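The values are calculated or read from the model by the stated rules, or taken from the named source; none is laboratory data. Not measured: the values here are computed from a predicted model. Quick reminder, even Gly has a Cβ in these numbers, built from the backbone with ideal geometry, and neighbours come from all protein chains shown. To get the accessible areas, we keep the full protein, side chains included, count just its heavy atoms, and leave off ligands, DNA and RNA. Shrake-Rupley method; radii C 1.70, N 1.55, O 1.52, S 1.80 Å.
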Amino acid sequence: MIRYHVKRNGKSRNTLRYLGVFLFVFGGFLLYLFFSGMAAKHIIGAIFGALIAFYGIYLFIHTFEEDKYDIDYEFGDTELTIKHHRGETVYTYDQIDDVSLIVPENELLYSLILIKAGRKKYLIPFSYKKEACDAIYSHLMARVTVKDLEAEIAAEADAAADDSRDTKN
């Protein structure tokens with residue numbers, strides 16, 4: 001079993017929340033100026049204020065997502081366990097749709113692994129940890145690729161069986 005911990009900065013999360021509240025209040029103030037008649041002829045300012053207010057709401061709401069907190073990944077032999085602040089999520093390797101390795105030009109600085117399981121996406125960053133990234137990626141690919149190969153072989157066998165039925169008729 002391989003364990004990997006991703007630490008998220010709580011100060012960044014709180015800063016985005018404060019920025020979201022500030023943008024919401026500022027956009028609301030611009031809308032207040034428009035609707036109170038002080039800036040009634042400036043419809044572009046009202047639209048701009050509404051967009052700023054909605055973006056503030058967006059920032060505030062998305063700081064509560066599970067990937068904004070510390071996450072522990074446990075890569076077992078049969079399943080992937082993701083422990084986050086709301087509990088834990090367990091995926092078997094059959095449920096994982098795609099695993100991608102993202103390597104920048106200077107691969108010594110950082111690498112990323114993107115795991116797609118259903119509608120969820122998990123981006124695992126590795127800063128100055130190339131060896132850990134390679135070990136986890138090879139561990140994942142050994143288990144996820146086997147599932148893909150089995151499905152591909154079964155599909156080819158079904159296609160061959162259909163072809164043999166068609167030639168006999």
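Would it be correct to say that G87 is more than 18 Å from L140 (Cβ to Cβ), more than 21 Å from the chain's Cα centre (by Cα) and open to solvent by less than 80 Å² (accessible area, probe 1.4 Å)?
no
Looking at region 8-31 only, could you name the residues that are among the small types (G, A, S) and under 21 Å from G45 (Cβ atoms)?
If the condition is that a residue be among the small types (G, A, S) and under 21 Å from G45 (Cβ atoms), then G20, G27, G28 are the ones that fit.
Of D77, D98, which residue is more than 16 Å from the chain's Cα centre (by Cα), closer than 17 Å to T145 by Cβ and open to solvent by 30 Å² or more (accessible area, probe 1.4 Å)?
Result: D77 is the single residue among D77, D98 that is more than 16 Å from the chain's Cα centre (by Cα), closer than 17 Å to T145 by Cβ and open to solvent by 30 Å² or more (accessible area, probe 1.4 Å).
Please identify the pairs in which a residue from region 127-139 that is under 22 Å from D98 (Cβ atoms) and touching a residue at least 40 places away in the same chain (Cβ under 8 Å) has its Cβ atom under 6 Å from the Cβ atom of a residue that is open to solvent by 40 Å² or more (accessible area, probe 1.4 Å) and assigned to a strand (DSSP E or B), counting only partners at least 6 apart or on another chain.
That search, which allows pairs on different chains as well, returns I136/I2; H139/I2.
Within region 41-60, track down each residue that is free of Cβ contacts under 8 Å to residues at least 40 places away in the same chain and open to solvent by 60 Å² or more (accessible area, probe 1.4 Å).
Passing the criteria: K41, H42, I43, I44, I47, F48, L51, F54, Y55, I57, Y58.
Per-residue answers, yes or no, for (1) among the aromatic types (F, W, Y); (2) at pLDDT 85 or above; (3) in contact with a strand residue (DSSP E or B) (Cβ under 6 Å, 6 or more places away or on another chain):
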{"residue": "K83", "(1), (2), (3)": "no, yes, yes"}
{"residue": "D97", "(1), (2), (3)": "no, no, yes"}
{"residue": "K121", "(1), (2), (3)": "no, yes, no"}
{"residue": "R143", "(1), (2), (3)": "no, no, no"}
{"residue": "K147", "(1), (2), (3)": "no, no, no"}
{"residue": "A157", "(1), (2), (3)": "no, no, no"}
{"residue": "N169", "(1), (2), (3)": "no, no, no"}
